[in-house]
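Structure first, commentary second.
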Amino acid sequence: MPAKLVVATHNAHKTDEIREIVGKFFDEVLDLSSFPDVPEADEYGESFEENSAIKAFGASETLQDAFILADDSGLEVDALNGAPGVYSARYAGADASDADNRARLLEELTKSGAKGKERSARFRCVLTVVKGDETFGVFDGACEGIIANEEKGDGGFGYDSLFIPEGHCETFGQLSGEVKNGMSHRGNALAQFSEWLESEQ
Ligand code: IMP
């Protein structure tokens, strides 16, 4: 396996989480903050897979000889036909805050009339690993749950205070980071990547 992995993000939180899980397989795990020449990728894809590949190949155009890992994630709500999906970060508009997006989600679900188990949803995260123009792996992680009737807890980010994972009564916003990472969509996709790295040793 390669000595260096570059994560196609400027989000230091994501890089730390990824380094913690797969860092042992690499000499170095860096992100785009170390490579200011890599342009910001436009997320124009219609699926998490597409957007994750766009981000990975966007970075590999500049960083030809590095292994690149990119992720794309979001929330799919069944009663809203999979929305907000790839638009999770901008559900309430281009400059919307996380709070605006959560308010819109509650509003749309109230309009839909969905109650209890009809408010089923899942977080998804797709990781793509590339080098140059070759794809080495695509890892798809999901976490099933339901959308609460109101916000609960102030931990985490995004839709965490509205998402109750299967088998729990509390939202991700109320559960500890450790509990969330152990069952989350990102944790799940990273575990698959880690297993793949193990098998390549
Ligand atoms: P991105 O993959 O970082 O672009 O994330 C897209 C959007 O999905 C974020 O802005 C959040 O709104 C939402 N999202 C992704 N993962 C999570 C999570 O673990 N908790 C809460 N919201 C999330």
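The values are calculated or read from the model by the stated rules, or taken from the named source; none is laboratory data. In this text the structure is predicted, and so the values were computed from the model without any measurement. Neighbour counts are summed over all protein chains in view; Cβ atoms, including those assigned to glycine, are modelled from backbone coordinates with ideal geometry. In case anyone asks, the SASA skips ligands and DNA or RNA and just uses the protein heavy atoms, side chains included. Shrake-Rupley method; radii C 1.70, N 1.55, O 1.52, S 1.80 Å.
Criterion applied to SER34, SER73 was being small (Gly, Ala, Ser), more than 16 Å from the ligand (Cβ to nearest atom) and under 16 Å from LYS14 (Cβ atoms), and the one residue passing it is SER34.
Restricting the first member to segment 32-43 and to residues that are more than 11 Å from LEU63 (Cα to Cα), and the second to residues that are assigned to a helix (DSSP H, G or I) and among the aliphatic types (A, V, I, L, M), the beta-carbon pairs closer than 6 Å and six or more apart or on different chains are ALA41/ILE54. Among the residues making up segment 82-101, those that are open to solvent by less than 40 Å² (accessible area, probe 1.4 Å), outside any strand (DSSP E or B) and not small (Gly, Ala, Ser) are VAL86, TYR91, ASN101.
In segment 178-195, the residues that are at positive phi never reach a residue that is acidic (Asp, Glu) and part of a helix (DSSP H, G or I) with C-beta atoms less than 6 angstrom apart, at least six apart or across chains. Is one or more of the residues making up segment 165-173 β-branched (Val, Ile, Thr) and crowded, with 19+ Cβ neighbours inside 10 Å? The answer is yes, given that some residue of segment 165-173 is β-branched (Val, Ile, Thr) and crowded, with 19+ Cβ neighbours inside 10 Å.
Per this entry, THR9 is not counted among residues that are among the β-branched types (Val, Ile, Thr) and farther than 30 Å from GLU144 by Cα.
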